[in-house]
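Before any comments, here is the structure.
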Amino acid sequence: MNGYVTISSGRFSLAESNPCKTEGVKKVESIHGDFTGEVCGDVTKDSKFSKIKIGMSAKQVQDLIGQPTDTSSHATGKNWVPYYFGSDRSRTMYYYKDHGRLTFAKNGSRLFRIEVDSTEDGYY
């Protein structure tokens, strides 16, 4: 295996340096206490991501750490469940060059996952 998977829209790295594979995922309660999010990797004090917390809105995150290098959105499997009227139909990803990725759940409104990755190129 060469470390990459080819998908119709591009190549995605499966590098062993992925903090979610090497360090695991830490479960963290949101700032409002209404859901549990995830943190992958070690968020150090001098990291841009040390200012943000699981459960913050996208606007709060951008006010604290600035605009992302790139963004993407995708539908979750719940989008196709008949009569599902919940708030988890889509996810939004923010990519920060040399810092990592942030995932917003609840239709892109609340920070759900922080992935620290110093090798992030910042583009989807």
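Which one of Asp98, Asp88, Asp63, Asp46 is free of Cβ contacts under 8 Å to residues at least 40 places away in the same chain, more than 26 Å from Ser118 (Cα to Cα) and either among the charged types (D, E, K, R) or in contact with a Lys or Arg (Cβ under 7 Å, 6 or more places away or on another chain) (or both)? Quick ask: steps written out before the conclusion?
Working: Asp98 fails: more than 26 Å from Ser118 (Cα to Cα); Asp63 fails: more than 26 Å from Ser118 (Cα to Cα); Asp46 fails: more than 26 Å from Ser118 (Cα to Cα).
That would be Asp88, the only listed residue that is free of Cβ contacts under 8 Å to residues at least 40 places away in the same chain, more than 26 Å from Ser118 (Cα to Cα) and either among the charged types (D, E, K, R) or in contact with a Lys or Arg (Cβ under 7 Å, 6 or more places away or on another chain) (or both).
Here are some residues: Ile114, Ile54. Which one is within 22 Å of Gly24 (Cβ to Cβ), out of contact with any Ser or Thr (no Cβ under 6 Å at 6 or more places or on another chain) and among the β-branched types (Val, Ile, Thr)?
Values: Ile54 fails: out of contact with any Ser or Thr (no Cβ under 6 Å at 6 or more places or on another chain).
Step by step, each of Ile114, Ile54 is checked, and only Ile114 is within 22 Å of Gly24 (Cβ to Cβ), out of contact with any Ser or Thr (no Cβ under 6 Å at 6 or more places or on another chain) and among the β-branched types (Val, Ile, Thr).
Could you list all residues from the stretch 72-104 that are within 11 Å of the chain's Cα centre (by Cα), among the small types (Gly, Ala, Ser) and either buried (at least 20 other Cβ atoms within 10 Å of the Cβ) or at pLDDT below 80 (or both)? Within the stretch 72-104, Gly100 is the sole residue that qualifies.
The criterion of at least 2 residues that are of a type in the set (S, T, N, Q) is met by the following strands (runs of 3 or more DSSP E) wholly inside the stretch 63-119: 70-75, 90-96.
Going through the stretch 69-99 one residue at a time, which ones are closer than 23 Å to His32 by Cβ and touching a strand residue (DSSP E or B) at 6+ places or on another chain (Cβ under 7 Å)? Don't jump to the end; show me each part of the working.
Quick first cut of the stretch 69-99, residues closer than 23 Å to His32 by Cβ only: 73, 76, 78, 84-94.
Across the stretch 69-99, the qualifying residues are Ser73, Thr76, Asp88, Arg89, Ser90, Arg91, Thr92, Met93, Tyr94.
The set of residues in the stretch 31-62 being surrounded by 13 or more Cβ atoms within 10 Å (Cβ to Cβ), under 14 Å from the mean Cα position of the chain (by Cα), on the phi < 0 side of the Ramachandran plot and outside any helix (DSSP H, G or I) consists of Gly37, Glu38, Val39, Cys40, Val43, Ile52, Lys53, Ile54, Met56, Ser57.
The values are calculated or read from the model by the stated rules, or taken from the named source; none is laboratory data. For clarity, every value in this text was computed on a predicted model and none was experimentally measured. When we count neighbours, we look across all protein chains shown, and the Cβ atoms used for this are built from the backbone with ideal geometry, even at glycine.
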